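Report on one structure; see the data block that follows.
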Amino acid sequence: MAKVVVLGSGFAGQTAALNLRKSLKKKDHEVTVITPNKKFGYVPSWVWVGVGKMDVSETQFDLAPVYKKKGINYVNGLAKEVHVEEQFVTVDLLDGGSEKVEYDYLINATGPRLAYDMTEGLGPDHGHTVSICTPNHAAEAGEEYLKMVERMEKGETVKMLIGTGHGMATCQGAGFEYIHNIAFDLEQRGLLDKAQIKWISNERMLGDFGVGGMVIGKAGHIVSGKIFAEASFMEQGIEWITGAAVTKVEAGKAHYKTVESSEVQTEEFDFAMLIPAFAGVPIKYITKDGSDITGDLCAPNGMLKVDADYSSAPRGFDNWRKEDWPLTYQNQTYKNIYAAGISFAPPHPISKPAASPDGTPIVASPPRTGMAAGIIGHVVAMSVADIVNGKSSEPEHTASMGDFGAACVASMGKSMTRGSAAVIAMYPVVPNYEKYEYGRDMDATFGDQGLAGHWLKALLHHLFIYKMKGKFGWWLIPD
Ligand SMILES: Cc1cc2nc3c(=O)[nH]c(=O)nc-3n(C[C@H](O)[C@H](O)[C@H](O)COP(=O)(O)OP(=O)(O)OC[C@H]3O[C@@H](n4cnc5c(N)ncnc54)[C@H](O)[C@@H]3O)c2cc1C
């Protein structure tokens, strides 16, 4: 009997757990999920929650009945320590107490620690900005946003600042969707002229998104993603600041440096949603003699190292190759441990790193979108299942971000008749300038925007919630 334990129940963890359960006989092998969540959350729709256009409950479902039906053990708690030689995880249970969960194979799919603390004054709990990165925060953001709407309805002009709250933040796509949903909603309410909406981001240019930007094949022409993003901002009167590291937030004020200047500049706001830096969740890795080897197994930001080439980082941007990126997501010291989704440590950024003149790093960190998290969770589960089933002795299923593409449906406004979304596909995620003139295969890299995009976004919401519930034929829905 093999015991496979998955940490986390986001896109990566849920995909891994469902695929493991599908591939491993219940009577022979155990699959356990350890997660602090009682509900699965469909993250992409939190941008709509954050503008009060969707109730957060519509993005969630209870995990317990799904796990019961599937025969997946459910431990509702936070993994605190992984004892790598004795092969168990210590868990702080949500209902109190702790538990020791044994494993033969461990998949860490714990996503990011939302590192608000890396920027003084950032975040909804101890700072001055809202967030759409958790369901509760998104609901609170929606309430705060509607308060701004009330003020505008009374004739006030309101300053809104959306973007990234740290020089090394990622997930610009979520901020991009959010700012457009705000502008769209205000336009629908006839209040757009009462808002001064501004984007602030660590991206070197608009449309970078942490993937080094892209060029899009459209109607036989090559269009820069920067132009595409700039046009979308200009249409709604949104101003932007790029190449900026927000260094400190006070009530109503965001202070930042840029790649051009180390002089601290200030942007005032009435409402701000700034995505924090992402780090690894604070799980300790402990050996039999009690030594804490977290620093050896994880990158400095706490994300788990896997089969990437981490020696590639110092070689510099011009010498980075797609081969630097992991294939199997297997930890190379403890080969029964894997990391899936945001929890794996990337070898280096995808976008070209920059810094302010005083050395403050400013680079959009590599995103691992829901699709990437699902794909990686899937291949890791298949590799582990094959090993458990005796079909292989090494992980054989691979998915390098240098070899797989990404499809992104970015909401620009929620309405079934007047809404819009940008549908962008790119292949591969990590550009390959050796093979492709523009870094990506132009036959598979394209983008468009319109109402049909919104319908697709709304359809994906239902499709993925269906899939994550593991309902009939769930595995036929692509990751
Ligand atoms: C507002 C927003 C909108 C987005 N929109 C899109 C989109 O449209 N398309 C897209 O592709 N991507 C989108 N993304 C990105 C996407 O949501 C992430 O890439 C994806 O959620 C990552 O999945 P994950 O499983 O790696 O991490 P997560 O989804 O963060 O899941 C991590 C899981 O681990 C659990 N966990 C944390 N700590 C522990 C612990 N110590 N022990 C056990 N479990 C733990 C968490 O509770 C959670 O269940 C969006 C992100 C945001 C914030």
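Close Cβ contacts (under 9 Å, 6 or more residues apart or on different chains) running from residues in region 454-469 that are over 22 Å from residue 67 (Cα atoms) and touching a residue at least 60 places away in the same chain (Cβ under 8 Å) to residues that are of a type in the set (Lys, Arg) and outside any helix (DSSP H, G or I) comprise 457/414.
For residue 415, only one of the following conditions fails: (1) part of a loop (DSSP other than H, G, I, E, B); (2) crowded, with 21+ Cβ neighbours inside 10 Å. What is its number? So residue 415 meets the others, but not (2).
Taking residue 367 as the residue in question, decide whether it is in contact with a helix residue (DSSP H, G or I) (Cβ under 9 Å, 6 or more places away or on another chain) and at pLDDT below 95. Yes.
Within region 282-301, the set of residues being without any contact (Cβ under 8 Å) to a residue 40 or more places away in the chain and closer than 23 Å to residue 118 by Cα comprises 294, 295, 296, 300.
Restricting attention to region 53-93, the residues being touching a residue at least 24 places away in the same chain (Cβ under 8 Å), more than 21 Å from residue 42 (Cβ to Cβ) and within 14 Å of the ligand (Cβ to nearest atom) number 10. Only a single item in (1) within 23 Å of the chain's Cα centre (by Cα); (2) not in a helix (DSSP H, G or I) is not met by residue 466, and it is number (2). Say whether the condition of being of a type in the set (Phe, Trp, Tyr) and part of a strand (DSSP E or B) is met by at least one residue in region 35-58. Yes, region 35-58 contains a residue that is of a type in the set (Phe, Trp, Tyr) and part of a strand (DSSP E or B). If we keep just the residues of region 313-346 that are within 15 Å of residue 105 (Cβ to Cβ) and not in a loop (DSSP other than H, G, I, E, B), which is nearest to the ligand (Cβ to nearest atom)? Here the residue is 339.
Every residue in region 364-383 that is touching a residue at least 60 places away in the same chain (Cβ under 8 Å) and over 9 Å from the mean Cα position of the chain (by Cα), please. Once the filter is applied, which keeps residues that are touching a residue at least 60 places away in the same chain (Cβ under 8 Å) and over 9 Å from the mean Cα position of the chain (by Cα), region 364-383 yields 364, 365, 366, 371, 374, 375, 376, 377, 378, 380, 381, 382. Across region 160-218, the qualifying residues are those that are part of a helix (DSSP H, G or I) and touching a helix residue (DSSP H, G or I) at 6+ places or on another chain (Cβ under 6 Å), and the one among them that is farthest from the ligand (Cβ to nearest atom) is 194. Within region 115-142, being assigned to a helix (DSSP H, G or I) and within 16 Å of the ligand (Cβ to nearest atom) holds for 116, 117, 135, 136, 137, 138, 139, 140, 141, 142. Select from region 220-269 the residues that are of a type in the set (A, V, I, L, M, F, W, C) and at pLDDT below 95 and write down the one among them that is surrounded by the most Cβ atoms within 10 Å (Cβ to Cβ). Within region 220-269, the match that is surrounded by the most Cβ atoms within 10 Å (Cβ to Cβ) is 229.
Exactly one residue among 468, 416, 412 is touching a helix residue (DSSP H, G or I) at 6+ places or on another chain (Cβ under 6 Å) and over 30 Å from residue 334 (Cα atoms), and that residue is 412.
Which ones in region 1-34 are more than 6 Å from the ligand (Cβ to nearest atom), under 25 Å from the mean Cα position of the chain (by Cα) and part of a helix (DSSP H, G or I)? Answer for region 1-34, where residues must be more than 6 Å from the ligand (Cβ to nearest atom), under 25 Å from the mean Cα position of the chain (by Cα) and part of a helix (DSSP H, G or I): 14, 15, 16, 17, 18, 19, 20, 21.
If you go through region 102-114 and keep only what is part of a strand (DSSP E or B), surrounded by 20 or more Cβ atoms within 10 Å (Cβ to Cβ) and of a type outside the set (S, T, N, Q), you end up with 105, 106, 107, 112, 113, 114. The residues of region 254-271 that are touching a residue at least 60 places away in the same chain (Cβ under 8 Å) and outside any loop (DSSP other than H, G, I, E, B), listed by number, are 254, 257, 258, 267, 268, 271.
For region 384-416, taking the residues that are in contact (Cβ under 8 Å) with a residue 60 or more places away in the chain and among the polar types (S, T, N, Q), the one that is farthest from the ligand (Cβ to nearest atom) is identified as 389.
The values are calculated or read from the model by the stated rules, or taken from the named source; none is laboratory data. Bear in mind the structure is a predicted one, so any value in this text is a computation, not a measurement. Please note: Cβ atoms are built from the backbone with ideal geometry, for glycine as well, and neighbour counts cover all protein chains shown.
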